[in-house]
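Here's the structure, in structure tokens; my notes come after.
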Amino acid sequence: MVTIRNYRNDDAADVGRLIARTYSAFNLGFATPDQQAALLGPFRFAESAEAAHRSAIAEVLQAPVILVAEDAGAIVGVLRGGRLDRRGRTVLQSLFVAADHQRRGVGRRLVTRFEQ
């Protein structure tokens, strides 16, 4: 069963891997490997265990609102939001759902929780 919860700092590595895999698979098919690395930024090091790489990913993830979707202990979705629009509402910045959990309501549940 998928649950939605607030992001914790120790989620950074798992969230980084989810973003890197999802963004690469669904958004970077047009790009050369060098272009992909540049577009991924620090997420290109998502599989790395080096402290500097993990720190860079954790820093990029920072946002006023971060929610994760978890299924059987694995993070399968992440939503980041934070900056305010002209009306003073918090804007959704990014939403990623693991390929094997897409079209199962995970993104919708993250957005609903964010809107609350």
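The values are calculated or read from the model by the stated rules, or taken from the named source; none is laboratory data. Everything numeric here is computed off the predicted structure, so don't read it as measured data. A quick note on method: Cβ atoms are made from the backbone with ideal geometry, for glycine too, and the neighbour counts reach across all protein chains shown. Side chains are part of the model used for accessible areas, which takes the heavy atoms of the whole protein and leaves out ligands, DNA and RNA. Shrake-Rupley method; radii C 1.70, N 1.55, O 1.52, S 1.80 Å.
Taking every residue in the stretch 1-26 that is over 20 Å from Gly82 (Cα atoms) and pairing it with any residue that is aromatic (Phe, Trp, Tyr) and part of a helix (DSSP H, G or I), at least 6 positions away or on another chain, the pairs with Cβ-Cβ distances below 6 Å are Ala20/Phe43. Taking the condition in a helix (DSSP H, G or I) and in contact (Cβ under 8 Å) with a residue 12 or more places away in the chain, does Ile57 pass? Yes: the conditions hold for Ile57.
Per the listing Leu84, Leu92, the residue uniquely among the aliphatic types (A, V, I, L, M) and under 16 Å from the mean Cα position of the chain (by Cα) is Leu92.
Against the definition (open to solvent by 40 Å² or more (accessible area, probe 1.4 Å), touching a strand residue (DSSP E or B) at 6+ places or on another chain (Cβ under 6 Å), on the phi < 0 side of the Ramachandran plot and aliphatic (A, V, I, L, M)), how does Leu39 come out, yes or no? Give the steps one after another, and end with the answer.
Working: open to solvent by 40 Å² or more (accessible area, probe 1.4 Å): yes; touching a strand residue (DSSP E or B) at 6+ places or on another chain (Cβ under 6 Å): no; on the phi < 0 side of the Ramachandran plot: yes; aliphatic (A, V, I, L, M): yes.
No, not satisfied.
Within the stretch 1-18, take every residue that is in a helix (DSSP H, G or I) and in contact with a Leu (Cβ under 8 Å, 6 or more places away or on another chain) and give me the one that is nearest to Ala72 (Cα to Cα). So that I can check it myself, show each step before the final result.
First, pick out the residues of the stretch 1-18 that are in a helix (DSSP H, G or I): 9-18.
Next, only the ones that are in contact with a Leu (Cβ under 8 Å, 6 or more places away or on another chain) stay: 12, 15-16.
Details: Ala12: 18, Val15: 15, Gly16: 18 Å.
For the stretch 1-18, the residue satisfying everything is Val15.
Within the stretch 61-71, is even one residue hydrophobic (A, V, I, L, M, F, W, C), open to solvent by 30 Å² or more (accessible area, probe 1.4 Å) and at negative phi? Yes - at least one qualifying residue is present in the stretch 61-71. Once the stretch 76-116 is narrowed to residues that are at pLDDT 95 or above, of a type in the set (Val, Ile, Thr) and part of a strand (DSSP E or B), the residue that is surrounded by the fewest Cβ atoms within 10 Å (Cβ to Cβ) is Val76.
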